[in-house]
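Notes follow the structure.
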Amino acid sequence: MKKIIYFALIFFIGINTSWAQGSRYAKDIIVSKDVTINRIPVLQIDTFSLIQHYGQPNSITPYFNEMENINGKYYNYNGVKFYLEKNMVMNFIVTGKQYSITPYNIKVGDNINLLKSYFPLSFKNMKSDANGYYVGINIKETDRYLFIQAGSNSVITKISVNSY
């Protein structure tokens, strides 16, 4: 009887440990539709919708994506650049403080320690060098990741979505 109780106890502790660990990793992934700028989902929206939400860009510049062997354009606004391929937003770079990213309202100018409560595993695996700190967070079901860069003072300077 004692063996059954011990076995059951170990079994339930094991399940709780793996469940807690799985939920921890789940916090370190963002769903594509949750990648927003000022609460507007931007990944893979079309050119018309981009202009409808953000207005006319300051400039439109062509570029060539060597990895995909495709031409694209980046739409430059004050503090944000959107990279479009086949008339859809594929990536972006935010440098302006007027834009908040994801449901967590992360902004340029925030302290990078803010990420610790939202993305504990990614925060733990943060890289650093003489120029600052770098955190990457996977975007579920895509080949992209949210990349957050901070200066040596721990203040976020750039937030972008990049392709692997």
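Things worth noting here:
- Number of positions in the stretch 39-62 that are open to solvent by 50 Å² or more (accessible area, probe 1.4 Å), of a type outside the set (A, V, I, L, M) and either at negative phi or modelled with pLDDT of 95 or more (or both): 8
- Across the stretch 80-138, the number of residues qualifying as assigned to a strand (DSSP E or B), of a type in the set (F, W, Y) and within 30 Å of Q52 (Cα to Cα) comes to 3.
- For the condition in contact with a helix residue (DSSP H, G or I) (Cβ under 7 Å, 6 or more places away or on another chain), open to solvent by 40 Å² or more (accessible area, probe 1.4 Å) and at pLDDT 95 or above, Y104 does not qualify.
- Subset of the stretch 109-155 (residues that are without any contact (Cβ under 8 Å) to a residue 60 or more places away in the chain and under 13 Å from the mean Cα position of the chain (by Cα)): L115, F123, Y134, V135, G136, D143, Y145, F147, I148, Q149
- Of all residues in the stretch 139-148 being assigned to a strand (DSSP E or B) and farther than 11 Å from K107 by Cα, the one that is most open to solvent (accessible area, probe 1.4 Å): K140
- Residue match in the stretch 58-79 (condition: closer than 20 Å to I29 by Cβ, part of a strand (DSSP E or B) and in contact with a strand residue (DSSP E or B) (Cβ under 7 Å, 6 or more places away or on another chain)): no
The values are calculated or read from the model by the stated rules, or taken from the named source; none is laboratory data. All figures in this text were calculated on a predicted structure; none of them were measured in a lab. Glycine gets a Cβ as well: all are built from the backbone with ideal geometry, and neighbour counts include every protein chain shown. Remember, those area values only see protein heavy atoms, side chains included, never the ligands or the DNA or RNA. Shrake-Rupley method; radii C 1.70, N 1.55, O 1.52, S 1.80 Å.
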